[in-house]
Structures are given as structure tokens and as C-alpha cells.
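The values are calculated or read from the model by the stated rules, or taken from the named source; none is laboratory data. Only a predicted model underlies this, so the values are computations on that prediction, with no experimental measurement involved. For neighbour counting, all protein chains shown are included, and Cβ atoms are generated from backbone atoms with ideal geometry for every residue, glycine included. Surface accessibility is based on the protein's heavy atoms, side chains included, excluding ligands, DNA and RNA. Shrake-Rupley method; radii C 1.70, N 1.55, O 1.52, S 1.80 Å.
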Amino acid sequence: MPVTVEEYGRTKNNQLVEKYTITNKNGVTAKLINFGASLTELWVPDKNNQTADVVLGWPDLKDYEKNSFYFASVVGRVANRIAKGSFTIDGVKYQLAINNGPNTNHGGIDGFFHKLWAGSIEGEDSVKFTYVSADGEEGFPGEVTTSATYQLTDDNRLVISFIATTTKSTPINLTNHSYFNLAGHNGGTILDHVIQINAEQYTPLDDTSVPTGEIAPVKDTVFDLREPTRIGDRIHDAPGLGFDNNFCVKSSLEEPCARVTHPESGRCMEMFTTKPGIQFYSANYLDDTARGKEGITYPKHGALCLESQYYPNAINQPNFPNSVLKPGETYKHTTVYKFSWN
């Protein structure tokens, strides 16, 4: 089916927001809006051919304009945390807005998830969103031109491709912040989901959830998820409220870095990425106060996020993979979520 577009609503500034719908031959449907380049719905069949919307989201535009949980939006200019909101490039120190304890998180107070992107239909199965971030926006240097393209293929792959260029050296770390629940967005907690993350190492955190700089083995820790593990059997051993950790994975679009299954429905999601890290977040801060689609209130551990990324705070850790984009270079990043059911 061709991609369709319709009006979704208008922002508080009366800007038109559009909704795009992509459906493949197997009945998988993705719905997207150009506010925050957000994936508002993702309908996937189960083993009985019953479809469910497997991403958490808000009921209307005014909630996406707040979006305190970053539901399904593109976050940037830098996803995850930057320690104390500061970094130095070429001898110049930059100070960002602080919005997460003493740190900057997900691009700052008014990051990419709060922006109206330009949307366009690309062929029979893709939608492209484009945003130009001004020099100095949220304290970051350089004018950055970014695109995020969503493609839904007939082999049930949701392919998210990012491209960015800059006029000044700047850190870039873009990701989609979807909250997945393979039982359906109204399916309760994800404690009955089974997860496998193909990572030999992870990055330990300090008491503000910023990596210490160490790259440590997962062996003999709660973070060893190399074998399929029921989340409910492991989550209470994780420090703090649950998982919110970066895993060091192999960059590949051929071999999955993570796999999640929901035994009752038969749904399975495999993740592939060209980035060196993924953040496994078990929705620790949902608390039944977030009233989402269909009036559903989302509980603690009501979903999981698998966010592809450079390691958090890479800009301040020289031993982490480099996250700085320079003029004349092109940032390219592709992540795939592949779905199956049986």
C-alpha cells in the first residue's frame, strides 16, 4: 500500500502537524508524525494473527508537545547524558542546559523531540523527516542539518536511518526513543518478556547515571544477558529501579545485537545497528501517572527501550568511540527493528 498522509493536529503555535501511515503486505503498520519525528503507533500481528500496537504513546498532540518521557521521538542533538552539561572542543568550552540532576540528557530542555520536522514521502514504503538545528541551539555549536528516515519493509523490518552534517565541530548522537511492549502498549509490564543482548561488555555508572569511563565485562554480573533471560527474573537484581545501562555491542546490520520475545503472543523483535552501543532501559520512571493512548495509564516497567547510540558522555571520555562530527563529514547511522510472530 502507498504511504498516506493526513492532518494530525496543530501545535500551540498553530503549526500544522501531519501523520504518515506505512503498511506492509503482512499487515504491519507504522504511524508517524513530523512533531519530534515520532513513531506514534506500530501495529504487529501475533501468532493468532491478531494485531496490537506495540509502542507506548500519547493520545494527542498536546501531550507530544510536553512528552516528558520522550515517547517514540527522535532525541538529539545528543541522546543520553552529558556529564554536568559541559564539554570542550578545540579548546572552547560549551555549557548546555541542565535537565537531569547535574547533567544534560537527550539534547537538553528543548531538544529534537520538541521540534517540528519537515516530512516527505519517499517511495512506497518510507517517510523522511528533516530538521535544521541552529548554531547555539541548546548550547551546542554549529548549524546541524539532520534527517531521519523510517522505512517499513515487506520482511517486517522497521529501518530508521539518520544523516547529519554540521558547520562546526559538535557532538552528535541521535536515536529513536520508542518504548516497546510486545504484548501491546496496554499489555501491563514487560516482566514476562525474554531479552537477550549480545554484549560482552558494558559501561558502569556513577551515582548520577553517567558512565565512569570504565568498560567492564558483563560476565558474572546482573548485566550478563548473553543468554535469553526473563526480565522479571533479573530486573530486581539490577541497581536502582531497574535497567538503564549502556551495553557495548558489535555494529552490524547482519547480526542482531539484541532480541526480545513475548512468549504468550509469539511476537519477537530483533535489533540491528551500526552504532557501538545500545541503552537498555526498563521504563523505571513510569508510575501510572502517564495517561497514554486509549486512556491507558502506563505502569513502572510497562515497556522497554533499546536505544542505539554512542556510549553516553562519549564527548568527555577519550577512550569511548568518538561522537564528534566535523564540518565536511557526514554522520550516518542505521538501526533496524525486525519483527516476527509464531
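Things to note:
- For the chain, relative contact order (Cα pairs under 8 Å, six or more residues apart, normalised by length) works out to 18 percent.
- Accessible-area ranking of TYR8, TYR331, largest first, probe 1.4 Å: TYR8, TYR331
- Across segment 330-337, coupling constants 3J(HN,Hα) worked out from phi with the 6.51/-1.76/1.60 Karplus curve, θ = phi - 60°, read 10, 7, 10, 7, 10, 10, 10, 10 Hz, and Gly and Pro carry x.
- Just checking the listed ones, SER209, SER178, SER282: in the Gaussian network model of the chain with Cα springs under 10 Å, the one fluctuating most is SER209.
- Mean sequence separation of contacting Cα pairs (under 8 Å, at least six apart), scaled by the length of segment 271-342, corresponds to a relative contact order of 38 percent.
- Accessible area of ASP63 in the full protein assembly, 1.4 Å probe (Å², nearest 10): 30 Å²
- Furthest towards positive pole of dipole, LEU225, TYR150, SER86, structure part segment 75-231, Cβ charges: SER86
- Distance between the 7 Å Cα→Cβ label points at LYS66 and ILE121: 3.4 nm.
- When the chain is described by a simple charge dipole with +1 on each Lys and Arg Cβ and -1 on each Asp and Glu Cβ, the residue from SER126, GLY184, ASN49 located farthest towards its positive end is SER126.
- For segment 191-342, with all protein chains in place and a probe radius of 1.4 Å, 45% of the accessible heavy-atom surface sits on carbon or sulfur.
- Among PRO276, PRO211, PRO102, the residue with the largest mean-square fluctuation in a Gaussian network model of the chain, with springs joining Cα atoms closer than 10 Å, is PRO102.
- Residue with peak Gaussian network fluctuation, the chain [Cα springs, cutoff 10 Å], from PRO239, PRO321, PRO256: PRO239
- When you restrict to C-alpha pairs under 8 Å that are six or more residues apart and normalise by the size of segment 108-198, the relative contact order lands at 17 percent.
- By the helix-only formula, in which each DSSP H run with n ≥ 4 contributes -39500 (n - 2.57) and the sum is divided by residues, the chain has a 222 nm mean residue ellipticity of -500 deg cm²/dmol.
- Computed from the C-beta positions of ASP233 and THR88 and an R0 of 35 Å, the FRET efficiency is 0.20 to the nearest 0.05.
- Pairs spanning more than 27 Å between alpha-carbon atoms, out of LYS293/LYS332; LYS62/LYS275; LYS168/LYS275; LYS115/LYS275: LYS293/LYS332; LYS62/LYS275.
- Total charge dipole magnitude, the chain, about the Cα centre, Cβ charges on Lys, Arg, Asp, Glu only, Debye to nearest 20: 340 debye
- Spin-label zone in segment 34-76 - amide nitrogen under 18 Å from a point set 7 Å from the Cα of ILE109 along the C-beta vector: 65-70, 76
- Estimated dipole of segment 67-191 in Debye, rounded to 20 [Cβ of Lys and Arg +1, of Asp and Glu -1, Cα centre]: 500 debye
- Across segment 269-284, computed HN-Hα scalar couplings (Karplus, 6.51 cos²θ - 1.76 cosθ + 1.60, θ = phi - 60°) run 10, 9, 10, 10, 7, 8, 8, x, x, 9, 9, 9, 10, 9, 6, 5 Hz from first to last residue, x flagging Gly and Pro.
- Less than 5 angstrom separates the built amide H of THR51 from those of ASP46, all sequence-distant by 5 or more or on a different chain.
- Between the listed residues PRO318, GLN279, ASN342, the Cα displaced farthest toward the positive end of the dipole of the chain, a dipole computed from Cβ unit charges relative to the Cα centre, is found at PRO318.
- In the context of the full set of protein chains, the chain has a per residue accessible area of 39 Å² (1.4 Å probe).
- Net charge dipole size for segment 269-342 [Lys, Arg +1 and Asp, Glu -1 on Cβ; Debye, nearest 20]: 180 debye
- The H on the amide N of ASN103, modeled in the peptide plane, is under 5 Å from the matching H of LYS84, each at least 5 residues off or on a different chain.
- Accessible-area ranking of LYS19, LYS275, LYS47, largest first, probe 1.4 Å: LYS47, LYS19, LYS275
- The H on the amide N of THR297, modeled in the peptide plane, is under 5 Å from the matching H of GLY292, each at least 5 residues off or on a different chain.
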